[in-house]
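Computed from the coordinates by the stated procedures, all read-outs in this text should not be read as laboratory data. Note that this is a predicted model, so its numbers are computed, not measured. Don't worry about glycine lacking a Cβ; one is built from the backbone with ideal geometry, like all the others, and counts go over all protein chains shown.
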Amino acid sequence: MITERGLADGNGLQSLGLLADKASRVVQKFASPSFVQLVMRLALAVPFWRSGILKWSGFGRLSDTAVTLFTDELMLHLPGGPYHFPTPTVTAFLSGSGEILFPILLIIGLGTRFAALGLLFMTLIVGLTVPDGWPVHLTWGAMALGIIAWGPGPISIDHLVRGLLRLPESTA
């Protein structure tokens, strides 16, 4: 038990330091880098997947809502703007496709850095179309950058392929 007297003679601080170190080790066991990389991939994939699903009314068919959204609602907020997207149907198709394909790649860990880069680009565009959402967009951007920097981790197809091809592990 830590008391005021123990703190005064330094034993309490040492005990507190040992307790903090023990707690840190427990957290490290549960939060291994490979687990964190997997969770980060899943956390980034979910919001984009959910948005992408809403843009389709069947295989290869954009929903009317998606086209209307890019025609009437979503505009690029740039200096001198806001500006409408030049071709809302094409933009809705590309956005909807990316929001389905990139999360799938992230979840299975295939082409992971490429998928994260795609979602980082989409996050930048979303940040320009919905400027009030910056706290969420900043979180998405940070996760994408983390995946790009440190890769998918050992729980991924990328890792398996690198091993099968006997490629060296990436330094990042």
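Just from its helices, what would the mean residue ellipticity at 222 nm be for the chain, if runs of 4 or more DSSP H residues each count -39500 (n - 2.57) and the sum is divided by every residue, rounded to the nearest 500 deg cm²/dmol?
-22000 deg cm²/dmol
Short version: ³J(HN,Hα) in whole Hz for each residue of the range 28-37, in order, from phi by Karplus 6.51 cos²θ - 1.76 cosθ + 1.60 (θ = phi - 60°), x for Gly and Pro, what are they?
For the range 28-37, the Karplus-derived couplings read 4, 5, 7, 9, 5, x, 5, 5, 5, 4 Hz, x marking Gly and Pro.
Quickly rank 108-117, 87-96, 15-24 as a protection proxy: mean count of other C-beta atoms within 10 Å, highest first. Write out the running numbers ahead of the final one.
Details: 108-117: 19.9, 87-96: 17.3, 15-24: 10.6.
Packing order, densest peptide first, comes out as 108-117, 87-96, 15-24.
Find how much the distance from Leu167 to Leu138 grows on full extension, using 0.36 nm per residue of separation minus their present alpha carbon separation; answer in nm with one decimal.
7.1 nm
Of [x] 123; [y] 134; [z] 200, which one was derived for volume of the Cα convex hull per residue in Å³ from the structure shown?
Answer label, from the structure shown: [z].
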